[in-house]
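Trainee: Sending over a structure as structure tokens; questions will come in a sec.
No value in this document is a laboratory result; all are computed from the given coordinates. Since this is a predicted model, take the numbers as computed values, not measurements. Glycine gets a Cβ as well: all are built from the backbone with ideal geometry, and neighbour counts include every protein chain shown.
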Amino acid sequence: MMTRLTDDMVKDIICSLDSTDDTLVSLTGMNTLELACDAIGISPDTINTHDIRVGVVPVTSGLGIITRFSDSVAEIIKKLGMEAFVTESPDVAGLAEALSAKCDIIFMADDVQFIAINAGNGRYSNNSFSTAAGYVSALKGAAKGLAGKAVLVLGAGRVGSIAAELIVSMGAEVTIYDIDGKKANDLSRRVKIKVADDVGAALSSHDLIFNASPAPIEADHIREGSIFSSPGIPFPFDDAGLKKVKAVIHDPLNIGVAVMAVQSASFSGPMELNR
Ligand code: PYL
């Protein structure tokens with residue numbers, strides 16, 4: 001089951017949009033838009049973000065609304081240069097509002113899926129793939145390439161599994177650890193990866209780590225100078241751990257949302273935009 005964001009994790013996203021972008025540039029050499037384009041393999045000049053209108057629809061099902069979640073999604077998208085707004089109504093009424101406003105892309109999240117629908121052709125991007133692809137690009141940027149390198153993936157859930165496949169496809173040697181050994185072993189039957197059964201030993205023998213686990217990371221296990229690309233929530237490091245790492249790439253929503261917006265926009269040829 002995906003870990004659910006809390007109001008507290010989301011509350012500072014909007015006020016730290018610029019600093020989050022600056023940190024990403026310093027750690028990976030790419031800003032959020034460049035990273036999102038790199039993640040789906042397109043060049044930033046093939047997407048005219050200013051032509052794209054995005055509707056974000058709050059969804060009340062299940063555990064309900066996360067305070068400022070939809071506002072944060074809209075502001076992240078606006079920072080990419082797209083037009084974005086949160087619908088007045090939630091749920092189906094909100095979807096109808098976004099469609100009648102001729103949105104090109106519509107974002108909606110319940111407790112199981114978070115998707116961005118291309119209203120022109122019905123194709124959609126989902127947050128698990130987008131988060132995996134975005135954070136793999138970030139690790140590649142921070143490590144100045146992954147080919148021929150050893151990478152540890154923590155967590156064999158939706159994001160970790162996709163990330164492991166992507167990192168293997170980039171020519172890296174991937175080891176995976178999951179507290180549920182069966183999940184890690186099942187993945188290793190599908191993807192050419194090694195399975196670790198001791199997280200401490202695995203962490204202390206790797207410099208490059210993709211963390212898609214909700215578990216805390218113990219400072220004693222961290223190799224001095226290691227690089228973490230870490231979408232996992234909650235944030236897993238304590239102060240002692242942060243002193244040992246060379247870089248941690250982490251945000252509660254930004255990279256995943258940016259890849260979703262760019263990927264769902266890329267599903268349209270210029271003639272297909274929903275006008
Ligand atoms: C998309 C995040 C990333 C990690 N976990 C996912 C999560 O928390 N999903 C639940 C999102 C619920 C949003 C709520 C709203 O405010 O519209 N339905």
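Trainee: To the nearest 10 degrees, how steeply does helix 69-79 sit against the main Cα axis of the chain, on a 0 to 90 scale?
Mentor: Roughly 90 degrees between the two axes.
Trainee: As a test of understanding, state the convex hull volume per residue of the chain from its alpha carbons, in Å³.
Mentor: Values: hull volume 33.5 nm³, N = 275.
Roughly 122 Å³ of hull volume per residue.
Trainee: To the nearest 500 deg cm²/dmol, what mean residue ellipticity at 222 nm is calculated for the chain from DSSP H runs of n ≥ 4 alone, each contributing -39,500 (n - 2.57), summed and divided by the residues?
Mentor: Taking each H run of at least 4 residues, the total per residue is -11500 deg cm²/dmol.
Trainee: When only DSSP loop residues count, what GluC sites (Glu not before Pro) in segment 161-230 have their Cβ near at most 10 other Cβ atoms within 10 Å?
Mentor: Those that pass, being in a loop and sparsely packed, are Glu224.
Trainee: I need the trypsin sites (Lys or Arg not before Pro) found in segment 97-191, filtered to DSSP loop residues with at most 16 other beta carbons within 10 Å of theirs.
Mentor: Those that pass, being in a loop and sparsely packed, are Lys102, Arg123, Lys144.
Trainee: Right, something else. In whole Hz, what ³J(HN,Hα) sequence does segment 26-38 give by Karplus (6.51, -1.76, 1.60; θ = phi - 60°), x for Gly and Pro?
Mentor: 5, 8, 10, x, 10, 7, 4, 5, 4, 5, 4, 5, 4
Trainee: Another question, if that's okay. With a 10 Å cut-off between alpha carbons and a GNM built on the chain, which of Asp197, Asp71, Asp38 moves the most?
Mentor: Of the options given, Asp197 has the highest mean-square fluctuation.
Trainee: Let me ask you something else. Between Lys11 and Ala101, what is the spin-label point distance in nm, taking each point 7 Å from the Cα along the Cα→C-beta axis?
Mentor: 2.7
Trainee: Using Cα springs under 10 Å in a Gaussian network model of the chain, which residue among His50, His221, His250 shows the largest mean-square fluctuation?
Mentor: His50
Trainee: Sticking with this structure for a sec: Assuming R0 = 45 Å, can you tell me the calculated FRET efficiency for the pair Ala201 and Gln113, based on Cβ-Cβ distance, to the nearest 0.05? Spell out each step's value before the answer.
Mentor: Numbers: r = 35 Å, r/R0 = 0.78.
Calculated value: 0.80.
Trainee: Starting from the Cα of Lys244, draw a straight line to each of the lysines and keep only those under 24 Å, dropping any in the same chain fewer than 8 residues away.
Mentor: Here the lysines satisfying the reach criterion relative to Lys244 are Lys140, Lys144, Lys149.
Trainee: Just to check I understand the Karplus step: with θ = phi - 60° and J = 6.51 cos²θ - 1.76 cosθ + 1.60, what whole-Hz values come out for segment 2-15, glycine and proline as x?
Mentor: Computed from phi, the couplings for segment 2-15 are 5, 6, 8, 4, 10, 3, 5, 5, 9, 4, 9, 4, 5, 6 Hz.
Trainee: Between Asp18 and Ala150, how high is the FRET efficiency from 1/(1 + (r/R0)^6) when r is the Cβ-Cβ distance and R₀ = 25 Å? Nearest 0.05.
Mentor: Values: r = 34 Å, r/R0 = 1.38.
E between Asp18 and Ala150, to the nearest 0.05, is 0.15.
Trainee: Build a GNM of the chain with springs between Cα atoms under 10 Å: which of Thr175, Thr32, Thr60 gets the top mean-square fluctuation?
Mentor: Of Thr175, Thr32, Thr60, the most mobile in the Gaussian network model is Thr60.
Trainee: Can you sort Phe129, Phe228 by how many other beta carbons sit within 10 Å, fewest first? Kindly include the intermediate steps, with their values, before the conclusion.
Mentor: Details: Phe129 20, Phe228 28.
So the ranking, lowest neighbour count to highest, is Phe129, Phe228.
Trainee: Tally the DSSP beta bridges in the chain and give the antiparallel ones as a percent, rounded to 5. All intermediate terms of the calculation are to be shown ahead of the outcome.
Mentor: Values: 8 of 33 bridges.
Given both bridge residues lie in the chain, the antiparallel proportion sits at roughly 25 percent.
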